[in-house]
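S.K.: Sending over a structure as structure tokens; questions will come in a sec.
The values are calculated or read from the model by the stated rules, or taken from the named source; none is laboratory data. All values reported here derive from a predicted model rather than from experimental measurement. Using ideal geometry, Cβ is built from the backbone for each residue, glycine included, and neighbour counts are taken over all protein chains shown.
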Amino acid sequence: MKLAQREKVGNQEIYELLGHNELLLAQKRLADDKAGMVPLASYQSAVVYFKHAKNEAKHQEARNLYADQKEKVVLQKVSIEISDLPTKRYFNEIKNLIDRLLDQEPTFPYVFLVHNKEFLKPEEELPSDDNGTSSMFRVSIFDKNNNSKTLQSEKERETHSKFRALAFQLQTFILPLMEGLFRKANQKGRMDCAEVLSFFKYLVLPMFRNFK
């Protein structure tokens, strides 16, 4: 944009060219992108560019192409196999931690879940793109209805990276630990439903509300 403005090219003309470029990129990738995500992201960008260009006809065309492509997107699942030995060792460590927690005073497991800094890291300690490469790539995210959103700013991409790290931590450590802890504690008569609900209501939910 700055280069074009220096050459005295109008903003609307720039956005018009950018919109056409996105349509060409989408058309080129339709044949070889089986998931269909790259064309979808390009159509989405074209919608924005033609809107800035005030070209209503092309804006509507891009919207229609985006809507059609959204129905064709196939979000693929990537599976990673982990050998049995490291997996067993990992879950044995969680099991041993649960046993140690339940050997303490009745309130200790709750204190651990809330105050242990390694359990749920604060936002500033979550890993992000420290090497600065995020600004070199366009990141698109999709919801369950295949609606896409392109993360434009570096701050958006960094926040997305941190929440992915948090989601990974939740799925691989926090949820297995909490499930095993509550189940075993209930079997031993150490926790009941009312205690667990109170724990989530008064201690856990406020923590997530403060996580921005």
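S.K.: For segment 41-62, state whether one or more residues are outside any helix (DSSP H, G or I), touching a Leu at 6+ places or on another chain (Cβ under 9 Å) and over 20 Å from Tyr15 (Cβ atoms).
M.R.: no
S.K.: Does Thr133 meet the test of being at pLDDT 75 or above, β-branched (Val, Ile, Thr) and more than 12 Å from the chain's Cα centre (by Cα)?
M.R.: no
S.K.: Which of the residues spanning segment 49-67 are under 10 Å from Glu16 (Cα atoms) and hydrophobic (A, V, I, L, M, F, W, C)?
M.R.: Phe50, Ala53
S.K.: If Asn92 meets every condition in (1) in a helix (DSSP H, G or I); (2) within 30 Å of Arg183 (Cα to Cα); (3) in contact (Cβ under 8 Å) with a residue 24 or more places away in the chain apart from one, which number is that one?
M.R.: (3) is the only condition that Asn92 fails.
S.K.: Which residues, taken from segment 186-212, are basic (Lys, Arg) and at pLDDT 60 or above?
M.R.: Those that are basic (Lys, Arg) and at pLDDT 60 or above: Lys188, Arg190, Lys201.
S.K.: Of everything in segment 99-119, what is surrounded by 11 or more Cβ atoms within 10 Å (Cβ to Cβ), at pLDDT 85 or above and not in a helix (DSSP H, G or I)? Give them in sequence order.
M.R.: Gln104
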